[in-house]
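Any read-out appearing in this document is the output of simple, stated calculations on the displayed coordinates, not a laboratory observation. As the structure is a computational prediction, the values presented were derived from the model and not from experiment. Here the Cβ is made from the backbone with ideal geometry for all residues, glycine too, and neighbour counts use every protein chain on show.
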Amino acid sequence: MVTSIRSTLPEIARGIALLYAEHPVEADEAFADFQVRIARPRGLRRWVRPQVQFQFDGTPPFHPLPGDQAFPILEWGLNWCVSAHCHQYLIVHAAAVERAGQALLLPAPPGSGKSTLCAALVHRGWRLLSDELALLDPATHAIVPLARPVSLKNASIELIRRFAPEAVLGETVHDTLKGSVAHMKPPQDAVRRSLEPAAPRWIVMPRYEARAAAARLTPLARGQAFMQLADSAFNYHLHGRAGFELLADVVEGCECFELAYANLEEALAALEGMQ
Amino acid sequence: MTSPLIAALRDPAAVRSWSVPQWERLIRQARSADLLSRLAHLLAETAIPPGPRRHLVAAQVTAGAQAEAVQREVAHVARALASTGVDVILLKGAAYLLAGLPVSRGRVFNDVDILVPREALPRVEAALMLHGWAGSHHHPHDQRYYREWMHELPPLRHLARESVLDVHHAIAPLTGRFRPDSAKLIAAARALEGQPRLKVLAPVDMVLHAAAHLFLNEELTHGLRDLADLDALLRDFAREASFWSALEERAHELDLSLPLQYALRYCARLLATPVPEQYLKDSIPVWKRGLLDALYLRALQPHHPDASDRFTPLARALLYLRGHWLRLPPHLLLYHLTVKALRKRPEEPLTQGR
Amino acid sequence: MRWRSVDSNLLMLREFDGELVVRNDVTGSTHLLDPLAAEVLRTLIAAPEGLTAAELGARLAEGIEEQADWSALIEPTLMEFQRLGLAERASSASPS
């Protein structure tokens, strides 16, 4: 997937230089799937409490945000490009990582901690496939990689800094709709292997529970896992009968669990126990 | 007309030799004109580079899901109206789909449009309400606009399914200059196989309706898509030898000759629809022809910065006004536009796609 | 009062450990059925002529010794199926 990004904003240039350092830059003549622009909207707001806006092929799909949220709006905008257009895939709102050719899928609603878990996993031997948008290929039933910066919020930012000091994090932006937000650079390996899909082997629903005594991995009925996947998918309804078959086949081939955890290290240890 | 989208619609095979920038512009224009899935259908047998191909595939997935949704919606409508004894005539997309017409392949579908006799409106509306549809546009002015002046109920939204149903009793506004006789349309309507209470317009009437919709309506937001519909309908129906003369005759009978002339003219000019020469002779005076061309040839282009020149916004604005003028007599038009301008619109979140 | 499932050609079913996920072409919706509901649906699908609640109960009870008020168990399920569009009441005439 190739995106053409235009902007005159320095924080965009900085963010891309840092967090997309491993991504190949295509020649001008390459086919771009999406054309986006991050700019300050015209009018008075250019100077009075300036804003920043995401444009897709010349049209803004959402309202502008405060001016300092340029890089987050780029990331959210790119997520939107995929989830609103890439219907050749069944797109699940989930993190996905891979090891030894087998993928772990972590569907979860916001606040479940999946991005934090994902950021941790990719520094403990797992390859990043995606932190938000798992792309299921109907033809192969595999997850197609979308190795992009991992978005971290609030306490997770510091948590990951301590957990993985080698991780490269961009600027923290405060007071966004999601609180404080920072993005973590995807590991080089993940970007290099962007064309290597992986077959799902485990489905785990993570649940961050502050009071959890110890991390618990409990088996999840496949029927439940199916419904959770369908509920977490952006475009399940667009795939009709084929979507049903795809999810059913995927679930059939996976071991399914729920993971309740309060501590990141314990969570990772529990996930290791799956193999 | 150098728009890649129009070029591809005219001659799908030509894309085989296209460059990457041309493909990019094509995909972007097609997406913005809601013609991406139609393009996918036209290019089904053509080898396409992988980059553009994924966008066409994605568009086909969406169009397929929309078609299924329309089928379901029509079934709901048929069930809801079964007890009213009214023959329901499907219009536009829903009609094309249920009649299995080539124009429906790769088409994008949104609302369902139906036509019922005007005297049946109260019981149709009642039956729909009973089955979960609710009115929109509650402002009394809008209600009047739709009910008294236009040719439809204000759009009905189903509370649970959130689908939209447009119930028409005529195919052109009551207050407009052109008033095709609905009774004639209803009398000529054809039954659908296996669907006891559903009908579609006769082929010539389908074409005339599409032409009236495009050239008498106030907005040209989907002008090219509507023109593409016309092109597909004409190509399909023209396989019947007597079609063209029947079309001309019926247009005359329904007082829709003028919109038909515009339709044939611009289909032939932009999309190379094979309209026989004798039906392209027009009675539009030469001086007017030039102006209309300047307006329509611009306004029917894809709504895309690529496909516009500096006159295009003005062209669209003039046609918007003209469209309104055709729907409402001047004194009512002024009233309507003034009220529209004065009323505050609630802030709508910008949503993607449809 | 006989009950009938929706035309089985319009249903997609997949079983996972006794539970059943079902997709209904008519509504476009997907549902998860617990083992009892799954059995009720399967039994209805296998009897296109339709079954009364009592007949359904009898079939489900086959081979099970424990007494159970099957009607009480089945009625709510059938009502739910009707609401979801998976089954409907049939008239006593045979289905067209």
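In table form, for the structure just shown:
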item	result
Net dipole in debye of segment A:1-143 [+1 Lys, Arg Cβ; -1 Asp, Glu Cβ; about Cα centre; nearest 20]	620
Amide H contacts of B:Val86 (H built 1.01 Å from N, under 5 Å, at least 5 apart or other chain)	none
Debye log10 I(q)/I(0) at q = 0.11, 0.14, 0.15, 0.19 Å⁻¹ for segment A:1-150, Cα point scatterers	-0.48, -0.77, -0.87, -1.26
Using a Förster distance of 35 Å, the FRET efficiency for A:Asn154-A:Glu252 (Cβ separation, nearest 0.05)	0.40
Value of relative contact order over segment C:2-88, rounded to a whole percent, pairs C-alpha under 8 Å and six or more apart	33
Two-site label geometry, A:Gln188 and B:Ala14: point separation in nm, points 7 Å out along Cα→Cβ	4.8
Linear extension gain, A:His63 paired with A:Trp47, 0.36 nm per residue minus alpha-carbon span	4.0 nm
Listed residues B:Leu198, C:Met79, A:Ala95: farthest to the positive end of the dipole of the protein assembly as shown (Cβ charges)	B:Leu198
Cα-centre dipole for segment B:4-342 with unit charges at Cβ (Lys and Arg positive, Asp and Glu negative), debye to 20	560
Ratio of the Cα radius of gyration of segment A:127-184 to 2.2 N^0.38 Å, where N counts its residues	1.36
Dipole in debye (nearest 20) - chain A, about Cα centre, beta carbon charges: Lys, Arg +1; Asp, Glu -1	800
Full-stretch length increase - A:Ser180, A:Ala139 - with 0.36 nm per residue and alpha-carbon distance subtracted	10.9 nm
Within the protein assembly as shown, percent of DSSP bridges classed antiparallel, to nearest 5	75
Selected from C:Gly85, C:Gly18, C:Gly63 as most flexible by GNM, with chain C as the system and alpha-carbon contacts under 10 Å	C:Gly63
Rounded FRET efficiency, nearest 0.05, which uses the C-beta distance separating B:Asp293 from B:Thr46 and R0 of 30 Å	0.45
9 Å beta-carbon shell around C:Val26, net charge (K/R +1, D/E -1)	-1
Additional length obtainable on full extension of the chain from A:Glu171 to A:Arg99, 0.36 nm per residue less Cα span	23.0 nm
In the protein assembly as shown, lysine pairs with alpha-carbon atoms under 26 angstrom apart (chain gap of 8 or more, or interchain)	8
Contact order normalised by residue count of segment B:4-342, Cα under 8 Å, 6+ apart, percent	17
Beta bridges by DSSP in segment B:4-342, antiparallel share as percent, to the nearest 5	65
Candidates A:Glu11, A:Glu166, A:Glu132, ranked by Gaussian network fluctuation over chain A, Cα under 10 Å, top entry	A:Glu166
Normalised contact order of chain A, rounded percent, pairs of Cα under 8 Å and 6 or more residues apart	18
Förster radius 35 Å - calculated FRET efficiency between C:Asp17 and C:Asp69, Cβ distance, rounded to 0.05	0.85
Footprinting exposure proxy for C:Val6, B:Val164 (fewest neighbouring C-beta atoms within 10 Å first)	B:Val164, C:Val6
Phi to ³J(HN,Hα) by Karplus 6.51 cos²θ - 1.76 cosθ + 1.60 over segment C:4-18, Hz, x for Gly, Pro	9, 7, 4, 2, 5, 5, 9, 10, 10, 10, 9, 9, 10, 6, x
Bridge type composition, chain A - antiparallel percent by DSSP, nearest 5	70
Mean Cβ neighbour count within 10 Å, used as a protection proxy, ranking A:95-104, B:179-188 highest first	A:95-104, B:179-188
Peptide-level mean, for B:45-56, of C-beta atoms on other protein chains within 10 Å	2
Convex hull (Cα only) mean projected area of the protein assembly as shown, reported in nm² to one decimal	36.9
10 Å Cβ neighbours from other chains, averaged over peptide A:242-250	3
Label-to-label distance, nm, for residues given as C:Leu36 and B:Asp255 (7 Å Cα→Cβ offset)	6.7
Anisotropy class of segment C:2-88 from Cα gyration tensor, a/c 1.5 cut	prolate
Prolate/oblate/rounded call for segment B:4-342, Cα gyration tensor, a/c under 1.5 rounded	rounded
Candidates A:Gly113, A:Gly223, A:Gly58: whichever shows maximal mean-square fluctuation once chain A is modelled as a Gaussian network with Cα springs under 10 Å	A:Gly58
Dipole of segment C:2-88, positive direction: furthest Cα of C:Leu20, C:Asn9, C:His31, with charges on the beta-carbon	C:Asn9
